[in-house]
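The values are calculated or read from the model by the stated rules, or taken from the named source; none is laboratory data. Predicted model only: the values in this text are computed from it and were never measured. Here the Cβ is made from the backbone with ideal geometry for all residues, glycine too, and neighbour counts use every protein chain on show.
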Amino acid sequence: MHLGEQISNMRSLIYSSTLIGVEAHLVAVEVVVTNGLPGLTVVGLPDAAVSEAGARVRSALKLSGFTLPPRRMVVNLAPADLRKTGSGFDLALALGLLQSLGEIPETCLQDTLVVGELSLSGEIRPVRGVVSSVALATQDPHIRKIIIPACQAGSLPDWQGAEVVGVGSLEQVVSYCKGEAVSTVGPTEDNSFLDQRPRGTDLAQVRGQGLGKLAMEIAAAGGHHLAMVGPPGCGKSYLAGCLPSLLPPLTEEEQREVAVISSVCREESFSLARPFRAPGNAITPVALLGGYEPGEVTRAHRGVLFLDEFPEFRRDTLESLRLVLEEGRVKVSRARMKVVYPADFTLICAMNPCPCGFHGVTGEMCTCGAGAVARYRSKLSGPLMDRFDLLVGLNRVPIQQQLGSVDSPTCEDSATVACRVLKARERQWERGQMNRTLRGETLFQALAWTDGDRIFAHALADEERMSMRAFEKWLRVARTLADLQGERKTSRHHLMAARSVRFATTDCLAA
């Protein structure tokens, strides 16, 4: 069919969205068809993918049975000063043209958000960050429906606040806009498609390492950052792999945050388990923190970031973590881009005491010279190590103990520990925040300690020349131990137990 033969000037307005970081921002797609030199012009700070949409839209319309008239067509993406990225504007642009030319009703999409990439044949393909667009639709009072690719609509949880419509082709969308009965795909109420498999190694499989297990439990309960140091083969990485199995399930709000990040990172499936990321030591600062796309610290949001062989990472990569650990977010500034990514995670790192791994280990001979050991330790600055609440030294477990029965009553499994962790977190939520984030007067109020215990803590801190930051970290760990034991007050034995995992290190961490 030939469109627009009797139309002199027509305008349409379709809503779509663009990504900035992990958040979707509303974009108005304005289309005007007038008499003049034939052509399609897209304005409003489009990137290359958006500018090339015209060729895809023309082909998709033609192969779907529509022929554009030889007229001047102008598309404006508003607000004009917001940079538009990605191929998700294709479908909105095509529908805007059809609406301007009178092929679909003017009011059919006035309360609808439209995202989707078009193939040359009119098939609707998946787009990056579709979950962010759905989240935008549920929050904007003017949007009641959102049209997205069918292949992505079927893999979404039931989001309240907006009707999700999944379509597979341009022809299907046109039929839907005309009110014809079509088979669309909506979000499933059954979340069985989500990956709900438990992650991590069971803690019962770990032999010995009582101090390491305690540190893992504290880290899981309070969200504390943990550094482990010990010779090769002592079980540092194995212990770190147990942490995901100790963490409580994601809350509904956290599930949405993790789903948004997974969608932006183009991951095919969403998981109800907390993220666990373990990048290699060759990672660059940009890959760790993020740039145009989220980095590893954002992919670990609400979960765990494990850095094995910690001193082997580049110095600038390690130092870039300092501000992230304090603020729980990443600020990326480029010449034409300023983005804030969420990065609230628990950091677990493992390291050897020296390059060969045997410095100060009983019964082993270190082959590293003094210079090599000094260079190895110099990669870990004092301010960086001061960000860790827990600093634990580990030793090798004798073979006879490692070969003990897995059914030993002294070996608690992850499910048992996870129950204590969940109860401890519930006590923290009742106070309004996790223990890791307690500061100043809020921290002292949460301790609920006696004057005698307070004087004891001050005296011990002065004796060991603690900085204020180290002092507060010690108290936060003690508060978590009290929560794990179900006690309202933080007492002296909690302080001493916290000291055993806060300062139980080898020379590598003390340097």
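A few comments on the model shown:
- Residue count for segment 344-385 satisfying the condition of being more than 17 Å from Gly230 (Cβ to Cβ) and either outside the structural domain of Glu327 (by TED's automatic domain parsing) or without any contact (Cβ under 8 Å) to a residue 24 or more places away in the chain (or both): 9.
- When segment 157-171 is filtered for residues that are surrounded by fewer than 21 Cβ atoms within 10 Å (Cβ to Cβ) and assigned to a helix (DSSP H, G or I), only Glu171 remains.
- Residue list for segment 465-501, filter: of a type in the set (A, V, I, L, M, F, W, C) and over 29 Å from the mean Cα position of the chain (by Cα): Met466, Met468, Phe471, Ala482, Leu495, Met496, Ala497, Ala498
- Counting only residues that are among the hydroxyl-bearing types (Ser, Thr, Tyr) and surrounded by 24 or more Cβ atoms within 10 Å (Cβ to Cβ), segment 82-131 holds 1 of them.
- Candidates Leu318, Leu323: the one that is free of Cβ contacts under 8 Å to residues at least 40 places away in the same chain and not in a loop (DSSP other than H, G, I, E, B) is Leu323.
Here's the yes/no breakdown for (1) of a type in the set (A, V, I, L, M); (2) farther than 30 Å from Cys366 by Cα; (3) outside any helix (DSSP H, G or I):
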site	(1), (2), (3)
Leu460	yes, yes, no
Phe471	no, yes, no
Thr490	no, yes, yes
Ser500	no, no, no
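- Residues of segment 42-72 classified as in contact (Cβ under 8 Å) with a residue 12 or more places away in the chain and farther than 20 Å from Val114 by Cα, total: 8
- Check on Gly122, at positive phi and out of contact with any strand residue (DSSP E or B) (no Cβ under 6 Å at 6 or more places or on another chain): no
- Among the residues of segment 252-296, the ones that are of a type outside the set (Lys, Arg) and not in a loop (DSSP other than H, G, I, E, B) come to 22 in all.
- Of all residues in segment 131-164, those being closer than 19 Å to Glu254 by Cβ, among the aliphatic types (A, V, I, L, M) and at pLDDT 90 or above number 4.
- Check on Thr437, surrounded by 19 or more Cβ atoms within 10 Å (Cβ to Cβ) and among the polar types (S, T, N, Q): no
- Single match in Arg299, Arg266 (criterion: of a type in the set (D, E, K, R) and surrounded by 23 or more Cβ atoms within 10 Å (Cβ to Cβ)): Arg299
- The C-beta contact set for segment 453-464 (first residue assigned by TED's automatic domain parsing to the domain that holds Ser491 and within 17 Å of Arg479 (Cα to Cα), second residue surrounded by fewer than 16 Cβ atoms within 10 Å (Cβ to Cβ) and at pLDDT 90 or above, distance under 7 angstrom, 6+ apart or interchain) comprises Asp453/Arg492; Phe456/Arg492.
- Annotation note: Cβ proximity below 7 Å between a residue of segment 277-290 that is at positive phi and a residue that is among the hydrophobic types (A, V, I, L, M, F, W, C) and surrounded by 17 or more Cβ atoms within 10 Å (Cβ to Cβ) (sequence gap 6+ or interchain) occurs for Gly290/Val330; Gly290/Val332.
- Count of residues meeting criterion [more than 24 Å from Leu98 (Cα to Cα) and surrounded by fewer than 21 Cβ atoms within 10 Å (Cβ to Cβ)] in segment 137-156: 6
- In a residue-by-residue description of segment 290-303, the property of being closer than 29 Å to Leu214 by Cβ and among the acidic types (Asp, Glu) applies to at least one position.
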